[in-house]
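What follows is calculated from the coordinates using simple rules that are stated; it is not laboratory data. For clarity, every value in this text was computed on a predicted model and none was experimentally measured. Positions of Cβ are generated from backbone atoms using ideal geometry, with glycine treated the same way; all protein chains shown enter the neighbour counts.
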Amino acid sequence: MSKFNLPYNQAVSQDKKTFYKNARIIDAASGYDKVGELLTIGDKIADFGQNLNAPTDAEIIDCSGNVLTAGLIDIQVHFRDPGQTHKEDLESGSRSAVVGGITTVVCQPNTAPTLDSTLTFDYLRLKAKEVAHCNIKAYGCITKAMKGEELTDMNALIGAGAVGFTDDGLPVMNANVMRRAFESSKNLGVVIAQHAEDLNLSNKGCINEGRASLELGVRGIPNISESVIVERDLAILEAIGGRYHLLHCSTKEAMDAIKRAKAKGLQATAEVSPHHFMLTDAAVLKSGTNAKMNPPLRSEEDRLALIEGLRTGLIDAIATDHAPHDLASKNKTLEEAAFGIVGVETMLPLSLTLYHQGILSLIDLLAKMTCNAARIINFDGGVLAKGARADLVVIDLNHEWIIECEKFQSKSKNSPFEGFKVKGRAVRTVVAGKTVFEV
Ligand SMILES: [Zn+2]
């Protein structure tokens, strides 16, 4: 039986000591990888290394055979709060996250109302304080009500907690608006994150334009709907400056664009979602609307390009685009069903496939879900260091299990990974020095 110890923000006392022993301690940020001990006092890491002695008043946690690393950071989730809390809310979403070893999430601002005002940020902060099981962060909207027209007051939103800006769910189609967003990005030192999709090119398509769309006789979304926006954004970035982050990259062409931008030294980063490197559009034939998301699952060629991007470091981060939907939103035709799948409980095991297959080292893989992700949002988490926040995860790399969506903590069960055999899971998740979840 899994145990929850919630909510985390009933803080541990500042003299509470916890001593993790026999752990393979990995800090992806520094490359540290040794079996040893780690001590937390209160909500901070006090020390870690080899041959440390446990204080007599410490709680001892034996991590034999397991990895101990910084808690995972998922920089793209939709917790539907406020607005669609029958699909997810901050409580269920964060409970789902900590099962996946995630200690910090970044909510996307396409809620109802959108996160375009300090008022909605106040709501988020106050509710998170009451019910959340992990750290809740959020992007602010680039434009008011995500209409793509008028910039939000980014300075005020940063003051209210915004870690960057995006209109995710929708692209910023107007290039001049994007230009002004980059001007703000340059002045304020925050990232502009794009859902790259030319709406005219995607033309109300519902899955990838390719074999599956032909076979099913439905309208497809071509690769160029992503890449033309990425190419345009990078051209504006080069002219104006600022920082750009490509959300859920799905195509080889977008990867190539990011590669050229990085070679020029532009401040561009990219993330990929597990479903895009695990599956192709063939999954739609099997899983139907539970394999419908935006951007869509692409071809094998794209999938392999994303894996190569992860391997070479072109892709900085892995993020889930956790997009819960109720049954009614998915029990529809492919054309009419909602886009999106849940992901926070499967990010770690699916990503570990890359490690088990020898494609990525464990350190490089963990970096994409810890320190690299943190850097994109100017967050000081994702590292193990003396004095750093005690957000931790203990990972059993070798536990084999089968994904059963009904068992998800999320309010929603929409996932194409039902029945997938995976290897590895979080066995203990620690937020601010307190175990919030253990197997
Ligand atoms: Zn998106």
- Item | In degrees, nearest ten, helix 118-131 long axis to first principal axis of the chain (Cα) | 40 degrees
- Message: List the pairs from 21/44; 137/292; 129/411; 286/330; 330/368; 87/292 whose alpha-carbon separation is above 22 Å, in the order I gave them.
- Response: 137/292; 330/368
- Under the Karplus relation 6.51 cos²θ - 1.76 cosθ + 1.60, θ = phi - 60°, what is the ordered set of whole-Hz ³J(HN,Hα) values for region 214-219, x standing for Gly and Pro? 5, 4, 8, x, 10, 6
- Eigenvalues of the alpha-carbon gyration tensor of region 88-225, times 5 and square-rooted, give semi-axes in Å, largest first, of 29, 22, 12
- Item | Selection from 6, 35, 45, by position along the positive dipole direction of region 1-48 (Cβ) | 6
- Within a Cβ distance under 9 Å of residue 255, other residues only, what is the Lys/Arg minus Asp/Glu net charge? -2
- Message: Tell me which of 136, 205, 119 sits at the most positive position along the dipole axis of the chain, charges placed on C-beta atoms (Lys, Arg +1; Asp, Glu -1).
- Response: 136
- Mind checking the log10 I(q)/I(0) for region 32-138 at q = 0.15, 0.23, 0.24 Å⁻¹? Debye, one equal scatterer per Cα, no solvent, two decimals. -0.72, -1.19, -1.27
- On Cα atoms only, tilt of 347-356 relative to the major axis of the chain in degrees: 80 degrees
- Sorted largest first, extent of region 171-281 alpha carbons per principal axis (Å): 48, 26, 19
- Message: I'd like the Karplus ³J(HN,Hα) series for region 261-276: coefficients 6.51, -1.76, 1.60, θ = phi - 60°, whole numbers in Hz, and an x wherever there's a Gly or Pro.
- Response: 5, 5, 5, 7, x, 5, 7, 10, 10, 8, 10, 9, 9, x, 4, 6
- Message: Can you give me the long-range amide H partners of residue 32? Hydrogens built in the peptide plane at 1.01 Å from N, cutoff under 5 Å, separation of 5 or more residues or another chain.
- Response: 27
- Note on the structure: Residues meeting the amide H criterion for residue 59 (H placed from the backbone, H to H distance under 5 Å, 5 or more places apart or on another chain) are 17, 18, 19
- Message: Can you give me the orientation-averaged projected area of the convex hull built on the Cα atoms of region 306-416, in nm²?
- Response: 9.0 nm²
- Task: Please state the charge dipole magnitude for the chain, taken about the Cα centre, from unit charges on C-beta atoms (+1 on K and R, -1 on D and E), reported in debye and rounded to the nearest 20.
- Result: 320 debye
- Share of Cα-Cα pairs in region 163-232 lying beyond 14 Å, as whole percent: 63 percent
- Query: For residue 262, which aspartates and glutamates qualify as cross-link partners when the Cα separation must be under 20 Å and same-chain residues fewer than eight apart are set aside?
  - Reply: 183, 226, 231, 233, 238, 253, 271, 302, 308, 316, 364
- Item | Residue-by-residue Karplus 3J(HN,Hα) for region 69-78, coefficients 6.51, -1.76, 1.60, Hz, glycine and proline x | 9, 5, x, 6, 10, 10, 8, 8, 10, 10
- Query: Once amide H atoms are placed 1.01 Å from N in the peptide plane, what residues at a sequence separation of 5 or more from residue 47, or on another chain, have their amide H within under 5 Å of its amide H?
  - Reply: 39
- Query: What share of Cα pairs, in percent, lie more than 34 angstrom apart in the chain?
  - Reply: 27 percent
- Message: At a 10 angstrom cut-off on C-beta neighbours, averaged per residue, how do the peptides 323-333, 405-415 rank from highest to lowest?
- Response: 405-415, 323-333
- Item | Gaussian network model of the chain, springs between alpha carbon atoms under 10 Å - residue of 165, 121, 79 with greatest fluctuation | 121
- Message: For the chain, take the longest principal axis of its alpha carbons; what is the angle in degrees between that and the long axis of helix 223-240, to the nearest 10 within 0 to 90?
- Response: 80 degrees
- How much net charge surrounds residue 439 when only the other residues with a Cβ under 10 Å from the Cβ of residue 439 are counted, with Lys and Arg +1 and Asp and Glu -1? +1
- Message: When the expected Rg is taken as 2.2 N^0.38 Å, what fraction or multiple of it is the alpha-carbon Rg of region 333-394?
- Response: 1.48
